[in-house]
Amino acid sequence: MRKFDVVILANGTFPSHAVPLKVLHTADKVVCCDGAIKAFPSADVVIGDGDSVPAMYHDRLVKVEEQEDNDLTKATCYCIKNFSPPTSHLSPLRIAYLGCTGKREDHTIGNISLLMRYFKEYQVEGVMFTDHGFFVPAKGDMTFETFSGQQVSVFNFGCTALSSEGLKWQCYPTTEWWQGTLNEALGTSFTIHADDCYLVFRTYNPK
């Protein structure tokens, strides 16, 4: 797996699982969304309107006043502008998103869905880590590494053709998010066949 170019830490629940914590503490660059700087003071940049940022961190504050987008999107746009690799047309910007879930449920749903927006509109290779697993956006036919008993969910974002190999239950072009949950990997990989975009969630631990 190619290393992440940058980590964005949102102001949700701070990660406690070893996987997202390792991603955070081994990152070359960390960008915090507004108040998240208080949980990770060594971040390189903090993005937002500054209302939740203590004065001691204002030397790293990049104020974005517009209210159309949330801080996660503002931080993503900042990273695209400042941290995209020189060969971004060959290797898109790879961002790890942490602290995007927990606390308010509406923010959690919004942040998860934004991962697909960044993938489709900005060509960002984003992975959103939680304390239970991780979300990855994808399009078309893809094979994913896994292990027997890993819990898997596949959320449809526009596919009219959607099927799978290597999962306990066959995927299909679902119309509701709940229909894609509670699947399970059977071996060391599974393959999704699709004609559009979808979001895959995999747990760290088997059932």
(message) For the structure I just gave you, tell me whether V124 is more than 20 Å from S189 (Cβ to Cβ) and either modelled with pLDDT of 95 or more or among the aliphatic types (A, V, I, L, M) (or both).
(response) yes
(request) Return yes when A10 is among the small types (G, A, S) and closer than 22 Å to G102 by Cβ and no when it is not. (result) yes
(request) From (1) touching a Phe, Trp or Tyr at 6+ places or on another chain (Cβ under 9 Å); (2) surrounded by fewer than 16 Cβ atoms within 10 Å (Cβ to Cβ); (3) of a type outside the set (S, T, N, Q), pick out the condition that doesn't hold for M116. (result) (2)
(message) Residues that are touching a residue at least 40 places away in the same chain (Cβ under 8 Å), closer than 14 Å to A10 by Cα and surrounded by fewer than 16 Cβ atoms within 10 Å (Cβ to Cβ): does the stretch 57-73 have at least one?
(response) no
(message) Looking only at residues that are within 13 Å of V23 (Cα to Cα) and among the β-branched types (V, I, T) in the stretch 127-143, which one is surrounded by the most Cβ atoms within 10 Å (Cβ to Cβ)?
(response) T130
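Please verify whether the stretch 137-151 includes one or more residues that are charged (D, E, K, R) and under 21 Å from Q179 (Cβ atoms). Please lay out each step first, then the result.
Filtering the stretch 137-151 down to residues charged (D, E, K, R) leaves 139, 141, 145.
With the extra rule that they be under 21 Å from Q179 (Cβ atoms), the set shrinks to 139, 141.
Yes, the stretch 137-151 contains a residue that is charged (D, E, K, R) and under 21 Å from Q179 (Cβ atoms).
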(message) For the structure I just gave you, tell me whether T191 is open to solvent by 50 Å² or more (accessible area, probe 1.4 Å) and on the phi < 0 side of the Ramachandran plot.
(response) no
(request) Give just the number: which of (1) closer than 20 Å to T73 by Cβ; (2) at pLDDT below 95; (3) open to solvent by 40 Å² or more (accessible area, probe 1.4 Å) does L93 not satisfy? (result) (3)
(message) Among the residues of the stretch 152-168, are any open to solvent by less than 20 Å² (accessible area, probe 1.4 Å), under 15 Å from H193 (Cβ atoms) and in contact with a helix residue (DSSP H, G or I) (Cβ under 6 Å, 6 or more places away or on another chain)?
(response) yes
(request) Would you mind listing the strands (runs of 3 or more DSSP E) fully within the stretch 154-207 where at least 1 residues are in contact (Cβ under 8 Å) with a residue 60 or more places away in the chain? (result) 197-206
(message) Anything in the stretch 47-85 that is in contact with a Gly (Cβ under 9 Å, 6 or more places away or on another chain), of a type in the set (V, I, T) and not in a helix (DSSP H, G or I)? List them, or say none.
(response) V53, V62, V64
(message) Among the numbered criteria (1) in contact with a helix residue (DSSP H, G or I) (Cβ under 9 Å, 6 or more places away or on another chain); (2) farther than 23 Å from K22 by Cα; (3) open to solvent by 50 Å² or more (accessible area, probe 1.4 Å), which one does P41 miss?
(response) (2)
(message) Could you check the stretch 137-178 and list, in sequence order, the residues that are farther than 23 Å from G126 by Cα and among the basic types (K, R)?
(response) K168
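Would you point out the residue of the stretch 1-33, among those that are in a helix (DSSP H, G or I) and either among the polar types (S, T, N, Q) or within 14 Å of the chain's Cα centre (by Cα) (or both), that is surrounded by the most Cβ atoms within 10 Å (Cβ to Cβ)?
Out of the qualifying residues, it is P20.
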(request) May I ask you to list the residues in the stretch 119-129 that are in contact with a Phe, Trp or Tyr (Cβ under 6 Å, 6 or more places away or on another chain) and in contact (Cβ under 8 Å) with a residue 60 or more places away in the chain? (result) V127
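The values are calculated or read from the model by the stated rules, or taken from the named source; none is laboratory data. Keep in mind that this is a model prediction, so the values were computed, not measured. With ideal geometry, Cβ positions are generated from the backbone for all residues, glycine too; neighbour counts draw on all protein chains shown. Ligands, DNA and RNA are excluded from the accessible area calculation, which covers all protein heavy atoms including side chains. Shrake-Rupley method; radii C 1.70, N 1.55, O 1.52, S 1.80 Å.
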